[in-house]
Every structure is written in structure tokens, then in C-alpha cells.
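Coordinate-derived values only; no laboratory data. This is a predicted model, so every value here is computed, not measured. Backbone-built Cβ (ideal geometry, glycine too); neighbour counts: all protein chains shown.
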Amino acid sequence: MYDLAIIGSGPAGLTAAIYAQRYNMKSIVFGDVMGGLMTENPFIENYPGFKLVDGAKLGKEMEEHAKGLGAELKMEKIKSVEKKGDSFELTSEWDTKITAKTVLIAHGLKHRKLGIRSENEFHGKGVSSCATCDGAFFKDNVVAVVGGGDSAGVAALILSEFASKVYVIYRRDKFFRMQSAYIKKMKENGKTEFIFSDEVVEILGKEKLEGVKLKTGKTLELGGLFIEIGFEPLIPFTTNFELDRDKRGFIKVGKNQATNIDGVFAAGDITDASNLFHQIATAVGEGSIAADSAYLFGLNQS
Ligand code: NAP
């Protein structure tokens, strides 16, 4: 029996594991990528204490920190969580079963899709949502990034290291979400061309992506298309209880990160907390509060 089972191995989940272990709670973390989505960003410039840090390196440090304190880490996705009496049974995709007194949901968000024809079919055949993972495959290619937030900026900067040209296609007439530091760097690298007030409406190609058609009628010949249009709060496992979620799908939590289900807490981007400001700093904050709340919950139960 674990004191705390954590679903999600990003900054919220790993921080919760660190705090839980320091409260002498027996904790286990389930996830697919240790470090979570931040591992896709090699240019993190706003995590206190680090002027510039590679997200993969920061994720590794958090993983080592949690492991060093005795947390168990499993690279497995959870497929179901069931409340059984006063505890919870978690089953993974590989049918690992564990029971825990408390559960923390911290699996973050999923990449949003454009919802156009061939987007899924060409995924991995020129279409991607991870410039860090796939950027190097596009050496000397012309590529495009769709989106106008920080993810699009980071992707365009990574891609400009490899590609011969990077279009950034944004549906508004100027950037307003993206950090100005990213805009400045894109302007300076000489490889980026901004296409404002336009959208990708069709993916062109036979076996793999060859280009895109835009709403204004223009077509672009491309080797790669990176879709960086934000994230959605999808819950990828089943439960035998109903979690309260807001109308967008974020899990509702109180100030102590507790959900409506006794013993179930949530932290990080999947919650409606921190004013939906999705940052590593806010995920770390929510993860630490959640571990403290799970600890206090356990004290009250015993
Ligand atoms: P985001 O800030 O929500 O931006 C998504 C962008 O995609 C917006 O510009 C949006 O357009 C556009 N978009 C959404 N749906 C679209 C569609 N169907 N077709 C075309 N465009 C569409 O998402 P994000 O950039 O992934 O960032 C998410 C969070 O992570 C943010 O809080 C961000 O600051 C954070 N983040 C931080 C860093 C960093 O600090 N280094 C790096 C990456 C991400 P509109 O603007 O018109 O809505």
C-alpha cells in the first residue's frame, strides 16, 4: 500500500514526490516521459535560479532528486483508477496494479490538434508537435510552425537550427501571447518568415506531407509542419468516480489542490488553479501543496 500514487512525471508530479518522500510517505510516480512536456523545451529562461536551462536537463535533475529520496518511478501510463473503500486501485497499461491511500493527478495536458484532414494520417510523415524530438530530421528543409504562443516560438527557434527556412503561420495580425524574447530571436536569425492573419486549411501530399494550403488560398511547399497551437485537458484514464471539471475540462481544485473526491488531489496544468498560468514554476508550486495536503489528509484519516 502506497501513501501517495502520482499520475504524471512532469514538474508537478516530481515535486510532489520529493515533498512526499520528505514527509516519509511511500510514493510512486507513473508517467511516460520523466520531466514531462518541459523536456521538449531546450530554452527555458524563466525558471528561477537558472538563466537558461534545457528542459530535458531540468527534468532529469527533478527525476534524480525524487529517486534519490526513495520515490519509485515507473515509465507506465495509468489506464484506470478505482476507489475501493478508503483506498484506490491503479492499473497501468501493462496491467501493473497498485493500491494507494491517496492519489495525485498531475499528468498535464495533451497537444491540441488543428482538426483538419490528413493531420493524423501524416503524423510522423512530416507532421509533428515536437520540434525537440523531430527537428533534426528536417535539416535543410523548408518547414512551418502553426501557432502564436510560446510553444510556437520555441519550436521555430529550435527548427531554425536545422531547417533552411521556417514559416510561422499565425491566425492573428500580430503576436500578443508570445514572449518578446522569442520574437526578437526569430527576427534576428534570418531564417524565419511570419505569415499573419492566415491558417492552414489543408495538408498536401501523397505518402507524406509535401505542403499546405492556407485559408487565403496561398500554398507552401514544405518538408515539415509543426503544429504548436496549445494544449487540451484530456484525462487519459477511466475512473469509477466523477471528478468535478470546469467547462473547458480542467479539474477543479481547492486552495489545497484537493478535488471533489476525498483522497484525490490534482496539480499542474490539468487543474483550474494558478489562474491557468501554465508554467514550470506554477506546476512546482501546486505539486508541493498537493503533497502537503495528501500528507495532512493521511494524518486526519489515521
Ligand atoms: P497557447 O499560449 O495557448 O497558444 C496557442 C496558440 O495557438 C495561440 O496563439 C492560438 O491562437 C493558436 N491556436 C489555437 N488553436 C488554433 C487553431 N485551431 N488554429 C490555429 N491557431 C490556433 O499555447 P502554447 O504556446 O502551447 O503555451 C501554453 C502555455 O505554456 C503558455 O502558458 C505558455 O506561456 C507556456 N509555455 C511557456 C514556455 C516558456 O516559458 N519558455 C514555452 C512553451 C510554453 P490565438 O492567439 O488566436 O488564441
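Once the dipole of the chain is set up with Lys and Arg at +1 and Asp and Glu at -1 on Cβ about the Cα centre, which of LEU299, PHE43, LEU157 lies farthest towards its positive end?
Among LEU299, PHE43, LEU157, the one farthest towards the positive end of the dipole of the chain is LEU157.
Where nothing but the Cβ of Lys and Arg (+1) and of Asp and Glu (-1) is charged, how large is the charge dipole of the chain around its Cα centre, in debye to the nearest 20?
The calculation lands at about 540 debye.
Rounded to the nearest 5, what % of DSSP beta bridges with both residues in the chain are antiparallel?
Here the share of antiparallel DSSP bridges comes out near 40 percent.
First measure r as the distance between the Cβ atoms of LYS174 and LYS215, then evaluate 1/(1 + (r/R0)^6) with R0 = 22 Å and state the FRET efficiency to the nearest 0.05.
FRET efficiency, LYS174 to LYS215: 0.80.
Add +1 for every Lys or Arg and -1 for every Asp or Glu among the other residues with Cβ under 11 Å from the Cβ of CYS130, and state the total.
-3
Would you kindly derive the ³J(HN,Hα) couplings of the range 16-26 from the backbone phi angles with the Karplus curve 6.51 cos²θ - 1.76 cosθ + 1.60 (θ = phi - 60°), listing them in order in whole Hz, with x for Gly and Pro?
4, 5, 4, 5, 4, 4, 6, 8, 6, 8, 7
I'd like the Karplus ³J(HN,Hα) series for the range 287-296: coefficients 6.51, -1.76, 1.60, θ = phi - 60°, whole numbers in Hz, and an x wherever there's a Gly or Pro.
Each residue of the range 287-296 in turn: x, 5, 5, 4, 5, 4, 5, 5, 5, 5 Hz.
With unit charges on the beta carbons (Lys and Arg positive, Asp and Glu negative) and the dipole taken about the Cα centre of the chain, which residue among PRO11, GLY55, ILE227 sits farthest to the positive side?
Towards the positive end, the residue furthest out is ILE227.
Starting from the Kirkwood radius over alpha-carbon pairs of the range 133-262, derive D by Stokes-Einstein at 4 °C in a medium of 1.567 mPa s and give it in µm² s⁻¹.
77 µm²/s
Once you order the gyration tensor axes a ≥ b ≥ c over the Cα atoms, which shape class does the range 106-182 get: rounded for a/c under 1.5, otherwise prolate or oblate by comparing a/b with b/c?
Judged from the Cα gyration tensor, the range 106-182 comes out rounded (a/c under 1.5).
Sequence gap at least 6, Cα distance under 8 Å: using those rules, report the relative contact order of the range 4-139 to the nearest whole percent.
Rounded, it is 27 percent for the range 4-139.
Counting pairwise Cα distances across the range 1-68, what percent come out greater than 15 angstrom?
Looking at the range 1-68, the distances longer than 15 Å represent 50 percent of pairs.
Over its Cα atoms, what ratio of radius of gyration to 2.2 N^0.38 Å does the range 58-173 give?
Relative to the rule-of-thumb radius for its length, the range 58-173 sits at 1.47.
Give me the net charge for the shell around PHE196: Cβ to Cβ below 11 angstrom, other residues only, Lys and Arg +1, Asp and Glu -1.
-1
Give the shape of the range 1-128 as rounded, prolate or oblate, defined through the alpha-carbon gyration tensor: a ≥ b ≥ c are the square roots of its eigenvalues, a/c under 1.5 means rounded, and otherwise the shape is prolate if a/b is larger than b/c and oblate if not.
Oblate.
Kindly provide the Kirkwood hydrodynamic radius of the range 192-246 in Å, to one decimal, from all pairs of distinct alpha carbon atoms.
The answer is 14.6 Å.
Within the set of other residues whose C-beta is less than 13 Å from the C-beta of VAL53, count the net charge using Lys and Arg as +1 and Asp and Glu as -1.
Local charge sum for VAL53: 0.
Starting from the eigenvalues of the Cα gyration tensor, five times each then square-rooted, give me the equivalent ellipsoid semi-axes of the chain, largest first, whole Å.
For the chain, the ellipsoid semi-axes come out as 38, 20, 17 Å.
Figure the gain on full extension for LYS139 and ASN275 (residue separation times 0.36 nm, minus the Cα-Cα span) and round it to one decimal in nm.
Separation in residues times 0.36 nm, less the Cα-Cα distance, equals 45.1 nm.
Under 24 Å between alpha carbons, and skipping anything fewer than 8 positions from LYS247 in its own chain: which lysines qualify?
In chain and number order, the partners are LYS79, LYS110, LYS113, LYS255.
Work out the length of the dipole vector of the range 75-201 about its Cα centre, built from +1 on the beta-carbon of each Lys and Arg and -1 on the beta-carbon of each Asp and Glu, and round it to the nearest 20 debye.
300 debye
What ranking, highest mean first, results for peptides 143-150, 4-11, 54-61 when packing means the other Cβ atoms within 10 Å averaged over each residue?
4-11, 143-150, 54-61
Quick one: 3J(HN,Hα) in Hz for the range 251-259, Karplus 6.51/-1.76/1.60 with θ = phi - 60°, rounded, Gly and Pro as x.
With coefficients 6.51, -1.76 and 1.60, one gets 6, 6, 10, x, 4, 9, 6, 7, 8 Hz.
About its Cα centre, how strong a charge dipole does the range 47-135 have in debye, to the nearest 20, once Lys and Arg get +1 and Asp and Glu get -1 at the Cβ?
For the range 47-135, the charge dipole is close to 260 debye.
If you count, for each residue, the other Cβ atoms within 10 Å and average over each peptide, how do 151-158, 25-32 line up from highest to lowest?
Highest-to-lowest ranking by the protection proxy: 151-158, 25-32.
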